[in-house]
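A.B. asks: Next up is a structure, given as structure tokens.
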Number of protein chains: 2
Amino acid sequence: MAEVDPQMPDRARSGPATRERIRLAARERFARDGFERTTIRQVAGDAGVDPALVMRYFGSKPQLFAAAAELDIRMPRLAEVPREHLGEVLARHFLHRWESDDTLQAILRAAATNSEAAERMRDVFAEQLLPVARELATDHREAATRAALAASQVLGMALTRYVLRFPAVVELGHDELVAWIAPTLQRYLAGDRD
Amino acid sequence: MAEVDPQMPDRARSGPATRERIRLAARERFARDGFERTTIRQVAGDAGVDPALVMRYFGSKPQLFAAAAELDIRMPRLAEVPREHLGEVLARHFLHRWESDDTLQAILRAAATNSEAAERMRDVFAEQLLPVARELATDHREAATRAALAASQVLGMALTRYVLRFPAVVELGHDELVAWIAPTLQRYLAGDRD
DNA sequence: CATTCAAGTCAACAGGTGTTGACTAGGATG
DNA sequence: CATCCTAGTCAACACCTGTTGACTTGAATG
């Protein structure tokens, strides 16, 4: 039977737990420094572990990134949202999503130089926005265009706020940012062209 | 007196010319691969030159990047543009600007991991859009917000089109793209909040 | 022709990288 | 107690990086 706190020297010697500690440390580094500037030795150091253990658990640096960038796409219930408020709900959702953890920042920073990360970013937005656009526009091609345009504004906001850190964007509160951006998303997804 | 074509073995042995060749090769690499993945040896190879010569001319890799990312900010005459067409003129200007050479792509890719490049990107947009916003909004703080929001859409477009290569954005022609984005810029710079 | 000075090359350095394989703890099980 | 398997460490590998200093080339000048 397993003892309760059998006076562990420093930390429990549990496989899955350290694996998760490594994964989170990697996510933070990738989010802050991007793919190439993040080193296995740094991640190992942050997790209090030998670099070889990182390799043992994840196989290679790209695989470590893939694991660190895993994302569960939680979209809000949009069926019950009135069509004219879709832009607002989406703007608020994405803002919260980008700030609740640093997975998306990690993917974005890495995507600038890593084509796998770029592909993952495309997939994320295809899964999140395409269904919404398809429900509003019957034409598939037009729906894809509208979803991508909405993505361009969401990503532009994320880029200027979290990566390039434009002061004027960083200083805006959630409500202000939503007030500015929601109408843009609304028009891209459901509006006319002007 | 200088001979005209004195049967050069391969290329003229001119300092400034090779320096410029190196600078352009570096710009291309930085635009394609970002800062860290670009190596001095690659740039030297592209320019048909020894790596040591790159160092001799530019001093260090960051200084090489700074030289490669030099940009002359050519803004169109905006004084004679009717206020209600500002968005359209700007959208078209930026689209052309991003595609006429790869300097901005180089800065954008590098900016994801390099804080100097991020600062340069902030400066570029401060110089380009702030004056426009200031002419339309008397309040300096509001002008800065409006300029930054316009920047977020321009950069979001550039990111999805040139870096992440969202198919739906890549496939759009200039006119279509302008038709979609111009109203957004117009509203950010000169419109109400909704 | 001899000199000179810029243009350019060569070979090496010191340090950091991802990755590997052999080794060592350490707690549960027989 | 002996065994066994997982968790973890150690030391090294091969390679690539930015950067340096000594050297060579080559064309113009005196």
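The values are calculated or read from the model by the stated rules, or taken from the named source; none is laboratory data. Just so you know, these numbers come straight off a predicted model, no measurement behind them. Glycine also receives a Cβ, built like all others from the backbone with ideal geometry; neighbour counts cover every protein chain displayed.
A.B. asks: Give the residue that is farthest from A:Val132 (Cα to Cα), with candidates limited to residues of segment A:77-96 that are among the charged types (D, E, K, R) and in contact (Cβ under 8 Å) with a residue 12 or more places away in the chain. It would help to see each step written out before you state the result.
C.D. replies: Our first condition is that a residue be among the charged types (D, E, K, R); within segment A:77-96, this holds for A:77, A:80, A:83-84, A:88, A:92.
Of the ones still in play, those that are also in contact (Cβ under 8 Å) with a residue 12 or more places away in the chain are A:83-84, A:88, A:92.
Values: A:Arg83: 10, A:Glu84: 13, A:Glu88: 14, A:Arg92: 15 Å.
Result: A:Arg92.
A.B. asks: When you go through A:Thr145, A:Thr138 one by one, which is the residue that is within 14 Å of another protein chain (Cβ to nearest Cβ) and among the hydroxyl-bearing types (Ser, Thr, Tyr)?
C.D. replies: Details: A:Thr138 fails: within 14 Å of another protein chain (Cβ to nearest Cβ).
One residue alone meets the criteria, A:Thr145.
A.B. asks: Please work out which one of (1) crowded, with 19+ Cβ neighbours inside 10 Å; (2) more than 17 Å from A:Val163 (Cβ to Cβ) is the condition B:Arg92 fails and give its number.
C.D. replies: All conditions pass for B:Arg92, except number (1).
Rundown of residues vs (1) within 14 Å of another protein chain (Cβ to nearest Cβ); (2) under 21 Å from the mean Cα position of the chain (by Cα); (3) more than 9 Å from DNA strand C (Cβ to nearest atom); (4) modelled with pLDDT of 95 or more, yes/no style:
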residue: A:Pro16; (1), (2), (3), (4): no, no, yes, no
residue: A:Arg23; (1), (2), (3), (4): no, yes, yes, yes
residue: A:Glu28; (1), (2), (3), (4): no, yes, yes, yes
residue: A:Ala31; (1), (2), (3), (4): yes, yes, yes, yes
residue: A:Thr38; (1), (2), (3), (4): yes, yes, no, yes
residue: A:Arg41; (1), (2), (3), (4): no, no, no, yes
residue: A:Ala44; (1), (2), (3), (4): no, no, no, yes
residue: A:Pro51; (1), (2), (3), (4): no, no, no, yes
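Results for (1) modelled with pLDDT under 95; (2) hydroxyl-bearing (Ser, Thr, Tyr); (3) within 17 Å of the chain's Cα centre (by Cα), shown as yes or no for each residue.
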position	(1), (2), (3)
A:Leu149	no, no, no
A:Leu159	no, no, yes
A:Val170	no, no, no
A:Tyr188	no, yes, no
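A.B. asks: While we're here: Any residue in segment B:60-76 that is part of a loop (DSSP other than H, G, I, E, B) sitting within a Cβ distance under 9 Å of a residue that is hydroxyl-bearing (Ser, Thr, Tyr)? List the pairs, counting only those 6 or more apart or interchain.
C.D. replies: Going by the 9 Å Cβ cut-off, the qualifying pairs are B:Ala69/B:Thr103; B:Glu70/B:Thr103; B:Leu71/B:Thr103.
A.B. asks: Say we look at segment B:26-59 and pick out the residues that are near DNA strand D (Cβ under 10 Å from one of its atoms) and not in a helix (DSSP H, G or I); which of these is farthest from B:Gln105 (Cα to Cα)?
C.D. replies: B:Asp50
A.B. asks: Which one of these is in contact with a helix residue (DSSP H, G or I) (Cβ under 8 Å, 6 or more places away or on another chain) and farther than 18 Å from A:Ala158 by Cβ: B:Leu159, B:Leu129, B:Leu149, B:Leu108?
C.D. replies: Just one listed residue meets the conditions, B:Leu129.
A.B. asks: State yes or no: is B:Arg146 basic (Lys, Arg), on the phi < 0 side of the Ramachandran plot, in contact (Cβ under 8 Å) with a residue 24 or more places away in the chain and surrounded by fewer than 24 Cβ atoms within 10 Å (Cβ to Cβ)?
C.D. replies: Details: basic (Lys, Arg): yes; on the phi < 0 side of the Ramachandran plot: yes; in contact (Cβ under 8 Å) with a residue 24 or more places away in the chain: yes; surrounded by fewer than 24 Cβ atoms within 10 Å (Cβ to Cβ): no.
No; evaluated as a whole, the condition is false for this residue.
A.B. asks: Report the residue count in segment A:44-76 for those that are surrounded by 13 or more Cβ atoms within 10 Å (Cβ to Cβ) and either among the β-branched types (Val, Ile, Thr) or at positive phi (or both).
C.D. replies: 2
A.B. asks: Cβ-Cβ under 6 Å, sequence separation 6+ or interchain: first residue in segment B:17-38 and touching a residue at least 60 places away in the same chain (Cβ under 8 Å), partner of a type in the set (Asp, Glu). Which pairs?
C.D. replies: The qualifying pairs are B:Ala31/B:Asp102; B:Glu36/A:Glu36.
A.B. asks: Here's another thing I want to ask about it. Can you name the residue in segment A:59-80 that is more than 14 Å from chain B (Cβ to nearest Cβ) and within 8 Å of DNA strand C (Cβ to nearest atom) and, of all such residues, is farthest from A:Arg122 (Cα to Cα)?
C.D. replies: For segment A:59-80, the residue satisfying everything is A:Gly59.
A.B. asks: I would also like to ask the following. Of the residues that make up segment B:104-121, is at least one more than 16 Å from B:Ala31 (Cβ to Cβ), β-branched (Val, Ile, Thr) and out of contact with any strand residue (DSSP E or B) (no Cβ under 8 Å at 6 or more places or on another chain)?
C.D. replies: no
A.B. asks: Follow-up question, since we're still on this one. Say we look at segment A:146-169 and pick out the residues that are assigned to a helix (DSSP H, G or I) and of a type in the set (Lys, Arg); which of these is farthest from B:Glu176 (Cα to Cα)?
C.D. replies: Per the stated criteria, the residue is A:Arg161.
A.B. asks: Further, regarding this structure: Could you please let me know if B:Leu155 is aliphatic (A, V, I, L, M) and under 25 Å from A:Glu116 (Cα atoms)?
C.D. replies: Values: aliphatic (A, V, I, L, M): yes; under 25 Å from A:Glu116 (Cα atoms): yes.
Yes, satisfied.
A.B. asks: From A:Val178, A:Val163, A:Val132, which residue is surrounded by 19 or more Cβ atoms within 10 Å (Cβ to Cβ), within 9 Å of another protein chain (Cβ to nearest Cβ) and more than 12 Å from the chain's Cα centre (by Cα)? Don't jump to the end; show me each part of the working.
C.D. replies: On the way: A:Val178 fails: within 9 Å of another protein chain (Cβ to nearest Cβ); A:Val132 fails: within 9 Å of another protein chain (Cβ to nearest Cβ).
Only one candidate qualifies: A:Val163.
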